[in-house]
Amino acid sequence: MKVPQQIIDRAIEAGIVTGAEVSCYITPSDTGIVPPVEKWEHGSGGWFFESGDEAIYVASDESDRFAKILQPAPQSQGLEEGMATECSPAMRAAIVERAKELGVPEDCINGSKHPNIGFMDGSIHPLVHYEDKSRYQAHKLIPNHEFLARLEATAKKPKPLKIGEWNVKFEKGSIEVGCQRITNETVRAIAANLKD
């Protein structure tokens, strides 16, 4: 059974969106991370999703009873440079596959011995444990569900402009490409001489 749009709209208003951590409105000790509405099911108590062996009821049919938000969904923000997640090989494969589906660049070689992954230089990369832990510790480790939710938000953002393999960074009065700073005056001169 498909979740009615009015239930979805009421749930969104209550903050019940993919990636939010909630407690069941029937049994508050039961908690879980809200999946996409396509995975919600209908039962005698309303709409729920399964989390392990528990049914987490998130929205009732008749009243304004909703699950309690324990942690808001991070999906409004995309992945930031240096964010990473420690995960099993199966979770890593799922994240890499989802990145491919969403069109987020990834550089995860199949069979890599490093199952953990991070977001660096605008793409998903294996997270390598270095002998010198300083680089590893510089990563902001986040839970798998948050990494996935932020991955979804990242895919919705406009793709960065690239010249060659370098992202173009727009600064006041100039752009930066790799380690080269180019003034707006030069960019305008280039634009004026473009030929189609």
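Listed values, structure above:
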| quantity | calculated |
| --- | --- |
| Matching residues in segment 72-95 - criterion: being small (Gly, Ala, Ser) and not in a loop (DSSP other than H, G, I, E, B) | Ser76, Ala84, Ala90, Ala93, Ala94 |
| Tally of residues being surrounded by 14 or more Cβ atoms within 10 Å (Cβ to Cβ) and modelled with pLDDT under 90 across segment 36-52 | 3 |
| Val128 vs. criteria hydrophobic (A, V, I, L, M, F, W, C), surrounded by 12 or more Cβ atoms within 10 Å (Cβ to Cβ), more than 22 Å from Gln77 (Cβ to Cβ) and modelled with pLDDT of 85 or more | no |
| Filter result for Arg98 (outside the structural domain of Gly45 (by TED's automatic domain parsing), in a helix (DSSP H, G or I) and crowded, with 19+ Cβ neighbours inside 10 Å) | no |
| Qualifying residue in segment 53-67 (condition: basic (Lys, Arg) and at pLDDT 85 or above) | yes |
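Every residue, every condition in (1) more than 23 Å from Leu151 (Cα to Cα); (2) part of a loop (DSSP other than H, G, I, E, B), yes or no:
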residue: Gly15; (1), (2): no, yes
residue: Thr18; (1), (2): no, yes
residue: Tyr25; (1), (2): yes, yes
residue: Gly32; (1), (2): no, no
residue: Trp47; (1), (2): yes, no
residue: Val58; (1), (2): yes, no
residue: Ser63; (1), (2): yes, yes
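The values are calculated or read from the model by the stated rules, or taken from the named source; none is laboratory data. Values in this document were obtained by computation on a predicted structure and should not be read as measured data. Here Cβ is always computed from backbone atoms with ideal geometry, including for glycine, and neighbour counts include all displayed protein chains.
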